[in-house]
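Accompanying notes for the structure given below.
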Amino acid sequence: MAKKVTLSDIAKRLNVSNVTVSKALSGQKGVSDEMREKIKNLADQLGYVQPSAKNKANRNKSKNIGIIVPGRNFEMCNSFYWLLYHEVATIAMKEKCFTMLEVIQTGEEEKHELPKLIQENKVDGIILIGRPKNGYIRRIREESSLPMVCLDFFDDFNNCDSVISDGFYGTYMLTNYLFRMGHTEIGYVGTLLYTSSITDRYLGYCKSMMEHGQQIRKEWILDDRDWETGDVLNFEFKFPEKMPTAFVCNCDLTASSLIKQLRKNNYRVPEDISVVGFDNYIYPGLCDIGITTYDVNVQEMAQKSIQILLDRINHVNVRPGVRIVQGEIVYKDSVRPLHKKKDSNGNT
């Protein structure tokens, strides 16, 4: 049986990338007319059959979707990613798709090793949950033309499709809520630049602080995890000498860890310090107090990811970009309103 001609075969012959070949054959921009003609002629000579031709005849057939997650984002305690995965798998099943999970270990990330699901051509498209280390997505894009959706993070390489929660305005709203409760001395907890979502949420906090005329104090911006391992639960916070009255945390997992360490340092929550989180989901048993948080619409995020990916697989003409899914604040028990005290004469 003759070997099936692939994009890689054409790319190697012309010394160009798989992405260039894919763009040329699908009529996308970014390829010169001369190179596009060369690619099309060689494809015809080699007998290459474009996936679009197959898809038109097989759109009703089940698709195989690869779900790829960096291992450091997929610890059992980091339940939000488990929740995302579960929703994606459930919705994929309703769409008559099969899902295959591959967890990428740290060593594989650092070496930019392609996921086996891609190497062995086992899937029609992939959903990448959680940002991998720098350069990893570029490696995938350079070696594979498979449709890909980035879930819960944004990557601007090659106009990649992304579905994210509204971290910026979600945290902006949470910080505004703390101001309405009388707090003005507010800190932020999250290792900046570790993920795009942590940084987006920090910027939402900054917007609220600036609009309320409050200085952002460096000593009140706390890291929440080990940079190499991503470990949150065992991370030791470095508290400042003078503490704020409230902290905005980048996620509920961080909020639960912060609350435990505040208590170890003889601070009560919310009596002494108020805490808000993000996600509205933590692993059961991690915290004994309800955390005021921003509820992320995980089901809608998963639904959009699957729909975008299926459109890409079926070559539906959809503009690439970022889809932002809104949520809402859930008010629980971790915030105390600050009231001005009156003296014996009734003066504030």
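Express in nm, to one decimal, how much length is gained between Y267 and D333 on full extension, taking 0.36 nm for each residue of separation and deducting their alpha carbon distance.
Between Y267 and D333, full extension yields an extra 22.2 nm.
Any idea how many Lys pairs in the stretch 198-348 come in under 24 angstrom at the alpha carbon, given 8 or more places apart or on separate chains?
Step by step, the pairs that qualify in the stretch 198-348 add up to 16.
Sort all Cα-Cα distances of the stretch 61-216 into consecutive 5 angstrom bins from zero, then give the percent of pairs in each bin up to the one containing the longest distance.
2, 8, 16, 19, 17, 13, 9, 7, 5, 3, 1, 0
What net charge is computed for the residues neighbouring N250, neighbours being all others with C-beta under 11 Å from the C-beta of N250, Lys and Arg scored +1, Asp and Glu -1?
Residues near N250 contribute -3 overall.
Fewest first, what order do V16, V335 take by the number of other Cβ atoms within 10 Å?
Listing V16, V335 from fewest to most nearby Cβ atoms yields V16, V335.
Can you list, largest first and rounded to whole Å, the semi-axes you get for the stretch 167-295 by taking the square root of 5 times each eigenvalue of its Cα gyration tensor?
19, 17, 15
Under 5 Å between amide H atoms, partner at least 5 residues away or on a different chain: which partners does A246 have, H built in plane at 1.01 Å?
Residues meeting the criterion, in which the H sits 1.01 Å from N, are G187, S274.
Scaled to the compact-protein estimate 2.2 N^0.38 Å, what is the alpha-carbon radius of gyration of the chain, rounded to two decimal places?
1.18
If packing is taken as the mean number of other Cβ atoms within 10 Å per residue, what is the order of 325-332, 249-256, highest first?
In decreasing order of mean packing, 325-332, 249-256 become 249-256, 325-332.
Given labels modelled 7 Å from the Cα in the Cβ direction, how far is it in nm from E228 to E37?
Placing both labels 7 Å along Cα→Cβ, they lie 5.6 nm apart.
Between 0 and 90 degrees, rounded to the nearest ten: what's the tilt of helix 167-180 against the longest Cα principal axis of the chain?
Helix 167-180 and the main axis of the chain meet at about 10 degrees.
What FRET efficiency comes out for the pair E95/D295, r = Cβ-Cβ distance, R0 = 35 Å, nearest 0.05?
Given R0 = 35 Å and the Cβ-Cβ separation, E is 0.90.
Please list the non-local residues whose amide H lies under 5 Å from the amide H of T99, H modeled 1.01 Å from N, same-chain partners needing a gap of 5 or more.
Long-range HN contacts for T99: I65.
Just report the Cα centroid separation between the stretch 278-300 and the stretch 194-241, whole Å.
18
Just need log10 I(q)/I(0) for the stretch 222-348 at q = 0.14 Å⁻¹, Debye formula, equal scatterers on the alpha-carbon atoms, no solvent, rounded to two decimals.
Rounded to two decimals, the profile gives -0.76.
If we count every other residue with Cβ under 10 angstrom of Y294's Cβ, Lys/Arg +1 and Asp/Glu -1, where does the sum land?
-4
Laboratory data are not the source of any read-out in this text; all were calculated from the coordinates shown. None of these values were measured; they are calculated from a predicted model. For neighbour counting, all protein chains shown are included, and Cβ atoms are generated from backbone atoms with ideal geometry for every residue, glycine included.
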